[in-house]
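Student: The structure that follows is given in the form of structure tokens.
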Amino acid sequence: MNRESLSAAGLRFDVDGPVATITLDRPDVRNAQTPAMWEALAELGESMPDEVRVVVVTGEGETFSAGLDRAMLDLGNAGEGSVIGLLQRTDEEMSEQIEKWQRGFTFLRDPRFVSIAAVRGYAIGAGFQLALSCDLRLVSEDAQFCMKESALGLVPDLTGTKPLVEAVGYSRALEICVTARMVGAREAADIGLATAVVPADELTAATADLAAALTAPMDGVARETKALLQDAHCRELDHQRRLEREAQVRRFRELAQMMSG
């Protein structure tokens with residue numbers, strides 16, 4: 001996508017060597033999200049350059065994302081591209097449209113790169129789910145997470161439920177989702193939601209340091225490791241052992257090719 005199209009969707013995209021940064025750029029509305037933003041994120045995921053090994057997702061200003069733009073739920077805004085416009089569709093059409101929006105979140109699980117959510121301030125609803133879509137969450141001391149959907153009579157539907165359960169367990173995930181309470185940075189670290197907590201003025205530097213550490217190993221190592229660890233908890237041991245062997249064979253072959261070249 002070109003910069004003009006991304007800007008219209010409320011996004012910036014920058015690539016610096018092996019590190020790409022996606023910035024939610026609607027600070028005037030605390031980086032509230034829209035379906036157009038989700039579709040643009042999905043398109044970014046499909047066109048991610050091959051050389052990218054780390055993708056950082058962050059928000060412009062003091063808030064990661066306040067969640068869904070409430071204008072998208074306004075009955076007076078029921079046109080094409082709005083969330084409330086779903087009500088004009090059949091159940092099947094509604095489900096198909098939500099699946100398209102979900103692609104703006106699922107691409108962050110791609111084993112080709114490691115994804116980092118750099119979270120400052122609020123990550124609410126869709127913002128929380130976007131952070132959950134990333135492999136790692138580096139958060140500032142003022143970060144606040146909230147799964148707000150239940151307060152609106154809805155459920156989380158932007159792929160956040162699975163990683164939330166994987167991070168904190170079923171009981172805690174249920175409590176966080178249904179009560180729609182705030183989870184602060186320190187609690188997030190304690191229960192496994194946050195990889196690390198840093199002072200707000202150090203978040204940018206800490207994110208850069210983490211990205212550098214993730215790109216330090218030889219190209220291919222992080223990709224193979226991410227693929228191995230994803231869903232390892234639900235695989236049988238023999239299956240996981242086989243995947244480990246196959247990955248290691250590929251690594252040995254690549255190393256041998258490099259040494260001979």
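The values are calculated or read from the model by the stated rules, or taken from the named source; none is laboratory data. Just so you know, these numbers come straight off a predicted model, no measurement behind them. Every residue, glycine among them, receives a Cβ derived from its backbone with ideal geometry; neighbour counts consider all protein chains shown. Only protein heavy atoms, including side chains, enter the accessible area calculation; ligands, DNA and RNA are left aside. Shrake-Rupley method; radii C 1.70, N 1.55, O 1.52, S 1.80 Å.
Student: Would you confirm, using the coordinates I've provided, whether ALA189 is modelled with pLDDT of 95 or more, surrounded by 22 or more Cβ atoms within 10 Å (Cβ to Cβ), under 23 Å from THR58 (Cβ atoms) and small (Gly, Ala, Ser)? Reasoning before the result, please.
Tutor: On the way: modelled with pLDDT of 95 or more: yes; surrounded by 22 or more Cβ atoms within 10 Å (Cβ to Cβ): no; under 23 Å from THR58 (Cβ atoms): yes; small (Gly, Ala, Ser): yes.
In short, no.
Student: Could you please find all residues in the stretch 3-42 being among the β-branched types (Val, Ile, Thr), open to solvent by less than 60 Å² (accessible area, probe 1.4 Å) and under 18 Å from the mean Cα position of the chain (by Cα)? Write out each step before concluding.
Tutor: From the stretch 3-42, those among the β-branched types (Val, Ile, Thr) are 15, 19, 21-23, 29, 34; that's our starting set.
With the extra rule that they be open to solvent by less than 60 Å² (accessible area, probe 1.4 Å), the set shrinks to 19, 21-23, 29, 34.
Answer for the stretch 3-42, where residues must be among the β-branched types (Val, Ile, Thr), open to solvent by less than 60 Å² (accessible area, probe 1.4 Å) and under 18 Å from the mean Cα position of the chain (by Cα): VAL19, THR21, ILE22, THR23, THR34.
Student: Still on this structure, I have one more. Looking at (1) at pLDDT 95 or above; (2) over 19 Å from the mean Cα position of the chain (by Cα), can you tell me which one GLU93 breaks?
Tutor: In the conditions (1) at pLDDT 95 or above; (2) over 19 Å from the mean Cα position of the chain (by Cα), GLU93 misses (1) alone.
Student: How many residues, within the stretch 162-186, are open to solvent by 60 Å² or more (accessible area, probe 1.4 Å) and more than 17 Å from the chain's Cα centre (by Cα)? I'd like the intermediate steps shown before the answer.
Tutor: Pass one, the stretch 162-186, residues open to solvent by 60 Å² or more (accessible area, probe 1.4 Å): 162, 165-166, 170-172, 174-175, 178-179, 181-182, 186.
Then drop every residue that is not more than 17 Å from the chain's Cα centre (by Cα), which leaves 170-172, 174-175, 178-179, 181-182, 186.
Going through the stretch 162-186 one residue at a time, the tally reaches 10.
Student: Working carefully through the options PHE107, PHE113, PHE145, PHE128, find the one that is of a type in the set (Phe, Trp, Tyr) and out of contact with any strand residue (DSSP E or B) (no Cβ under 7 Å at 6 or more places or on another chain). Outline the logic, then answer.
Tutor: Numbers: PHE113 fails: out of contact with any strand residue (DSSP E or B) (no Cβ under 7 Å at 6 or more places or on another chain); PHE145 fails: out of contact with any strand residue (DSSP E or B) (no Cβ under 7 Å at 6 or more places or on another chain); PHE128 fails: out of contact with any strand residue (DSSP E or B) (no Cβ under 7 Å at 6 or more places or on another chain).
Answer to the check: PHE107.
Student: Would you mind telling me which numbered condition in (1) over 14 Å from the mean Cα position of the chain (by Cα); (2) surrounded by fewer than 21 Cβ atoms within 10 Å (Cβ to Cβ); (3) within 22 Å of VAL55 (Cβ to Cβ) THR159 fails?
Tutor: Every listed condition holds for THR159 apart from (1).
Student: At least 1 residues that are farther than 15 Å from GLY127 by Cα and small (Gly, Ala, Ser) in each: list the strands (runs of 3 or more DSSP E) lying fully within the stretch 1-86 that qualify.
Tutor: Values: elements: 11-16, 19-24, 54-59.
In the stretch 1-86, the matching strands (runs of 3 or more DSSP E) lie at 19-24.
Student: State the number of residues belonging to the stretch 108-123 that are over 28 Å from ALA200 (Cβ atoms) and open to solvent by less than 60 Å² (accessible area, probe 1.4 Å). Before the answer, list the steps.
Tutor: To start, the set of residues in the stretch 108-123 that are over 28 Å from ALA200 (Cβ atoms) comprises 110-112.
With open to solvent by less than 60 Å² (accessible area, probe 1.4 Å) added as a condition, the list becomes 110-111.
Qualifying residue count for the region: 2.
Student: State whether the residues of the stretch 156-163 include one that is outside any helix (DSSP H, G or I), hydroxyl-bearing (Ser, Thr, Tyr) and within 27 Å of LEU73 (Cβ to Cβ). Before you say what the answer is, go through the steps one by one.
Tutor: Pass one, the stretch 156-163, residues outside any helix (DSSP H, G or I): 156-160.
Cutting the leftovers down to hydroxyl-bearing (Ser, Thr, Tyr) gives us 159.
Still in the list and also within 27 Å of LEU73 (Cβ to Cβ): 159.
Scanning the stretch 156-163, I find at least one residue that is outside any helix (DSSP H, G or I), hydroxyl-bearing (Ser, Thr, Tyr) and within 27 Å of LEU73 (Cβ to Cβ), so the answer is yes.
Student: Taking the stretch 62-85, which residues are loosely packed, with under 15 Cβ neighbours inside 10 Å and either modelled with pLDDT of 95 or more or touching a His at 6+ places or on another chain (Cβ under 6 Å) (or both)?
Tutor: Within the stretch 62-85, just GLU62 meets the criteria.
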